[in-house]
1. Along the Cα→Cβ direction, 7 angstrom out, place labels at B:ASN136 and B:ALA32. What is the inter-label distance in nm?
2. Per residue of A:582-588, how many C-beta atoms from partner chains lie within 10 Å of its own C-beta, taken as a mean?
3. Positive end of the dipole of the protein assembly as shown, charges at C-beta (+1 Lys, Arg; -1 Asp, Glu), about the Cα centre: which of A:ALA390, A:LEU239, A:PRO410 has its Cα farthest in that direction?
4. How high is the FRET efficiency from B:ALA278 to A:LEU254, r the C-beta distance, R0 51 Å, rounded to 0.05?
5. I'd like to check one number: the per residue accessible area of chain B, probe 1.4 Å, reported in Å² as a whole number.
6. For the protein assembly as shown, what % of the accessible area comes from carbon and sulfur atoms, probe 1.4 Å?
7. Give the Rg (one decimal place) followed by the Dmax (whole number) of the protein assembly as shown, computed from C-alpha coordinates and expressed in Å.
8. Using the beta-carbon distance between A:TYR216 and A:ARG531 and R0 = 45 Å, what value does 1/(1 + (r/R0)^6) give for FRET efficiency, to the nearest 0.05?
Amino acid sequence: MSCCLCVAAQEDTIFLDQVVIPGSFLTTYDAGVEVKQVDSARLFLAQAQSLGDLLQQQTGLYLRQYGAEGQNTSVSFRGTTPYHTILQWNGVDINSPSLGQADFSGIPVFLLEEITLYRGGASSLFGSGSIGGNIQIRTRSGFRQGLSLVAMQQVGSFGKWHSGLGVGYGWRRWSIAAKAYHQQIENDFPVRYRGSSYLQNNAASEQQGVLLSTIYRAGRQQWLFEVWYHQHQRALQPLIGNRTSTDGLRDHNLRMNLRHQWHLRHGLLESSLSHIRDQQWYNNGSGTHIYRTVSGMDYEMSPLAGWQLRTGGTWQWLTTEVANYTSDTSQWRSDQYLLLSGALFSWMDVAFTLRKNWMQGVKAPFTPALGWDLWLKKGQTLRWAWKTLASANFRAPTLNELFWEPGGNPLLRPERSKGVETGWYFTGNGKRESWTASLTGFRTWVRDMAIWVPSGQYWSPTNIQEVHIHGLETDAAWEWQGEPKLKVWGNWTFTRSINQTAFPNARAQGKQLAYVPVHKSTLGVVSSYRRWGLQSIFSHTGKRFTESANERALEGFMVISCTLSHTWDWPRQRLVGQLAIENLLNADYQNYELRAMPGRHFSLKINYQFQNNQ
Amino acid sequence: MKRNLHFFILLSFLFWVGCKDQDPPQVLPEVAGVVIVNEGNFLSGDGSIDLFDLETETRQADVFQTKNGFALGANIQNALVHEDLLLLVCNATDKLEVLDATTFQSLGVVEEGLATPFDVAVAGKYAFVTNWGTFNSETFAYDDPKIVTINLTDYSIVATLRVEIQPQHILVVENQIFVTNVGGWSSPGTTVSVFSHQNGALSKTADITVPAGPDRLVTDKNGKIWVLSTRGHLVRIDPVSREVEFTLSDVPVLGFNEKMTIDPSGDRLFWLASHDEANAVFTMRVAESQVGAALVSGSNFYGIGVDENETLYIGEHAAFQGNGSVLRYDVGGATPQSLETLAAGRAPNGFLFLK
């Protein structure tokens, strides 16, 4: 009913006839919310990348990369900071509760079956933190019968060696799948420095992990259990010119999620239980350890024809072992929500959501949202909708902000925001072509943003900053289904994110936030002819200021990547070989100040898939 | 036809992007003025030096980058002008940058053999650099502090002297080298070490016992050495007898990385302190024995300097939220008169006055 901004899925998806249990209830409730799903063909081509690399290269989101592949990568969504976007796996937050942000370099695309971006203040739909947006990833989208296998091997410049293996088997009521991956890169690329060059030191990265997932379905019930264990060891890439650093970081993440869906006579009952263990060590330190248990329950029913009502809540208990927190720091959080969505008229969908969050020691506000989709033209060849969303959102203080010794401020208030956005969406198709286009304008007002300022002998976070954001996003895609097939897609984002506060820095008032590019644009051209395919992506990130008075800046940069692929098909089997050139123009650029990025580099990838349906 | 379209789009983008020409580095006129030393944000490598021309009242930001065409890429802890050289002691990346003091052109750099260098002093052709040592993430302390001697004619390391306790500031007075041993946060040092040197090799000649946490040193018009300590003491040392002549306690101070300066005539001391949950500048003439009320109060004070016209310069760091400023006061009269504030880089922590 509501327009999901899906770019049309490619025909050549290998997994056929899967019975898909809807990945998220939210496709029904997102009237007004801008949703974008990364299509499966692009996911396939990006299999050896991290989620951070894929989002930076292909979407309007700006990802700050603190160096080459494997280094910390955090997101800026609609002019906000990395604290304002939550990353959720199977509906569970996997941001670091201590830092309040997610590191997208540690999310391998190889594991992902769905990536959905919810732009805008969708706090009411998802809970705390989504002032800028919400990124949902799913590692399992449905039940598959029969045996399936996938094997991937990539080798590339600077010691890149990525391997992935997956196996799945589904029979009768059971579907079990397992995936394992190992990715490493040395990152010893040449760095230009003072008229000569040297090979980048101390930037190697290695990550490995395993994902096990089981689905059991019986009649009206379905159980899904997933366990994901991930490890990441990396040297921390130093500033350009520093050839003596030996700093490193190690992460261990264990994520477990159990979900139950029960189709009752009058509604759908969903329950979930998750346990997340995040551990991180810097050099030889004692590390930070955070353990969370989250339980959730949701009930969905239809009170009237054409209307859905969903209500539920989550409860979370968190414990920590962090040397710099007051000992035995623990915290509970809970939220309850109500979503009502339906067709007010045949040409208008509305959604109203109300959410209340409770957190130990923190007063969190109500976050309501109201959105509507107007279908101005609904036909076979052209559909045209107008979406609007108004919402109030918040971002809860992070554990570091509350509990860091010295300086943590247990009285820190949550950041609050109000946002409105409106957009026009077009989709059309002809005999052999289809296209989509959208234009969205948004405004967000954020207040009580926390800034660390000196307070006596220590630094302490205080709610002082106010930021006003406005911008435009435009997206378009055009696809030709003839022979050769051709698809062109692109997006352009304009964001002005202006600090309103003269304290603590008077010269920062009225200026763009640091590391929020005003312009970001991407163009992709994908063509395929018989067994050959060629994908070129041109990704441009505009100038970014590196400090808040806008007196220092990093130039904009353009990165071009080209991938040539060849496919061999047999009954039930497919082999794809890919040759890729990254940074085709050998641009000498920095995403983050003084962190070198590699010039032109290459990779070769082989991907094998087997699918035996019963 | 559609395949050609793909290649056409690819080619047209290649032409559009093209090559960007590098702008040649701007040549600066040789001016007399104030060098504002901006520390930069910790680990961000955005330390810089600005040149403020006193005659034209104009500021050139980041003269290292504009003159040399590449980024400094480090935090600047301390800077020194010695004859026609400008020395920058940098952390993260640990190095000593040597520039021409009038043109700011890079003459040489020492990038190896230093471990969290902090301050520098020059005697003849030798630069002596105090080093805190290597940071230990288990103990949160610094291991293996040392003093490194560098030959300024060829930028080679001549000698490395391991010391027992974290050294802070260093000063050459006549033929002796004085080093304050500030120590660690929980176990402050209590001595000022005195060294002599032979072709750059240091040998200790005395340890002067002082109150805990000796940090900043300056010399006055009478040739005496004043030491400000992190625990709130101001001490006067005679460099010839190597004895403490005068001790003042309960002095308001910052508590860490003290900032103190003396006016060019060597008569009046100025230093920063934590005061009333914010900051203040205190002053005392060398003939006096008591500290009066705060001279100037404010927040986020991070650097201090005073020129021959009795203009006080205070670096203000704006909570490290972007570039900071320099507050200026005329302190020649009975009460300080506020002058025009200057823009600065990130966290201005010091000033060098060029003739």
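The values are calculated or read from the model by the stated rules, or taken from the named source; none is laboratory data. Computed from a prediction, not measured in an experiment: that's the story for all the values here. Counting neighbours? That spans all protein chains shown, and the Cβs are built from the backbone with ideal geometry, glycine included. Heads up: the accessible areas ignore ligands, DNA and RNA and are worked out on the full protein's heavy atoms, side chains in. Shrake-Rupley method; radii C 1.70, N 1.55, O 1.52, S 1.80 Å.
1. Taking the two extended label points, one gets 5.0 nm.
2. 2
3. A:ALA390
4. Values: r = 46 Å, r/R0 = 0.89.
With R0 = 51 Å, the Cβ-Cβ based efficiency is 0.65.
5. 42
6. So the carbon and sulfur contribution to the accessible surface is 55 percent.
7. Over the protein assembly as shown's Cα set, Rg and Dmax evaluate to 31.0, 99 Å.
8. Details: r = 39 Å, r/R0 = 0.86.
The formula returns an efficiency of 0.70 here.
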